[in-house]
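No lab work stands behind these numbers, since they all come straight from the coordinates. Everything numeric in this text was worked out from a predicted model, so none of it was measured. Using ideal geometry, Cβ is built from the backbone for each residue, glycine included, and neighbour counts are taken over all protein chains shown.
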Amino acid sequence: MAEALKNYIGDRWTESSGRETLPLINPATGESLGRVPLSTAGDVDAAVKAASNAFADWRRVPAVERARYLFRYKALLDEHRDELCEILTREHGKTLSESWGSLKRGIENVEHACGIPNLLMGESLEDVAGGIDTVTRRQPIGVFAGITPFNFPAMVPLWFWPYAVACGNTFVLKPSEQVPLSQARQFELMEEAGFPPGVLNLVHGAKEVVEAICEHPDISGVSFVGSTPVARLVYQEAAASGKRVQSLGGAKNFMVVMPDADLETTISGVVGSCYGCAGQRCLAGSTAVLVGDAYDTFLPKIVEATRALRLGNGLHEGVDMGPVISKTHRDRVLERIQNGIAEGANLVVDGREQTVPGHENGFWVGACLFDEVQPEMSIAKEEIFGPVLNVMRTDDLDSAVRLIQASEFANATSIFTTSGASARRFEYTSGVSMMGVNVGVAAPMAFFPFGGAKNSFFGDLKAHGRDSVRFYTDQKVVISRW
């Protein structure tokens, strides 16, 4: 049996106290990549103690010096870019270009967090009353924790801990137990960057680790990304124990195509949004709403582009889409496709039987496209998280917006149009937090907030940018008379 990965606690790699492990499988080939330990609440407690012990000294390090650790870390990420992308593709199945795209987004957050001396600045006003001055200051709070998903294992942790530690906090990370290898390597680079012992800690595991993080009295806040049911539970449990929480959940993202949309931009945006990363991303466009005459113009082209997608091992050239993450997830996606057929939707493109020669043990689901999808169908309402595009038709923009407003999710949405009036009305009325205009994946840059609404987000302050600084600090007001 392969040796299990180790946790990183304090300043050393340590074996988990848990006896159970899970296999790590390359989803494209079925080959073994190692084993991940199922750590215990005791391991979490050890990591929190190390982080707590480090906090007092770390918070006293000037912000400009804390930023220098991040500068060194960013340089190491850049230097090891190709290695990290290959690890990510092997453990997740993404194409190499998708791996680089996600890693680049993560690096941009490290880069943005390097500006912490500016981001942490407070405000002041002299003579708020006679001889009395007032200033605000942002101060670190303590130990924070992050619980991150399988779909972007190299990127999502970098949404959280760089901001947390730049602000002067310490951190405990639990990566997805399905894809821990990229984080293990990134922590080795963190160690090389010279971060002091206890500032950053890594604990592998599953449910017991999540529960321990939510309940631990010495953790001040939790950042989470995952499915809506788990996001809601993490929010409830962590908040009930007095923690700050930013909990990002699932999605059902609509892409509205107007009759006046540019053909090339729209086809590329819709197909890339739905099938990129095999549909396993919270910003994936899962439903294309074709308005009026757009149905006859765009549907044949979308179908043609979908059928042309090349399925394969993400390490190989010429591949457009890799496998889904696991056999369990593949079976779940196939079940939901079957539900769509049973409900009366028309499966125009059927990728269920696609395989890749020489990779028969991979977890393959080819691109699928449903037409004639109705709002009451389960495939129209539930997150599939796979390479499945629904097509719906409406008479006008207002009807399309009503479909979006009726969804329990509100993570991202896009409109394709050459009309400024249509775009503005869409932005004004859709009610979704992240919107794209002629952009298929409405992914904010690191200096803008990232997060949805409704059942796509639980909390107040979102990921990225200034919201992260607000989340990881307490704003103090000092009123002085001398």
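Per-residue ellipticity at 222 nm, computed for the chain from helices alone with -39500 (n - 2.57) per DSSP H run of at least four residues, works out to -12000 deg cm²/dmol. Residue-wise HN-Hα couplings along the range 105-119, as the Karplus relation 6.51 cos²θ - 1.76 cosθ + 1.60 with θ = phi - 60° gives them from phi, are 4, x, 4, 4, 6, 4, 4, 5, 5, 5, x, 4, x, 7, 5 Hz; Gly and Pro carry x. For the range 118-206, GluC sites (Glu not before Pro) are listed when DSSP marks them as loop and at most 12 other Cβ atoms sit within 10 Å of their Cβ; the list is Glu123. Each DSSP beta bridge with both residues in the chain is either parallel or antiparallel, and the antiparallel ones are about 40%. A value for volume of the Cα convex hull per residue in Å³ was derived from the coordinates, and within the list (i) 300; (ii) 150; (iii) 206 it appears as (ii).
Suppose each label sits 7 Å from its Cα in the direction of the beta carbon; what would the Tyr428-Lys301 distance come out to in nanometres? In this crude spin-label approximation the distance works out to 2.8 nm.
A Förster distance of 30 Å, applied to the separation of the beta-carbon atoms of Asn118 and Val477, puts the FRET efficiency at 0.90. In this label model, Asn346 and Ala453 are separated by 3.4 nm, measuring between points 7 Å along each Cα→Cβ vector.
Only four residue types carry charge here, +1 at the Cβ of Lys and Arg and -1 at the Cβ of Asp and Glu. Report the dipole size of the range 253-437 about the Cα centre in Debye, rounded to the nearest 20.
Dipole of the range 253-437, to the nearest 20 debye: 460 debye.
Spatial offset of the range 318-380 relative to the range 91-167 amounts to 36 Å, using the alpha carbon center of each.
Local charge for Glu408 was computed over the other residues whose Cβ lies under 11 Å away, with Lys and Arg +1 and Asp and Glu -1, and equals +1. Given R0 = 51 Å, the distance between the Cβ atoms of Arg402 and Ser32 translates into a calculated FRET efficiency of 0.55. If one takes the longest principal axis of the Cα atoms in the chain, at what angle in degrees, from 0 to 90 and to the nearest 10, does the Cα axis of helix 228-240 lie? Helix 228-240 sits roughly 20 degrees off the main axis of the chain.
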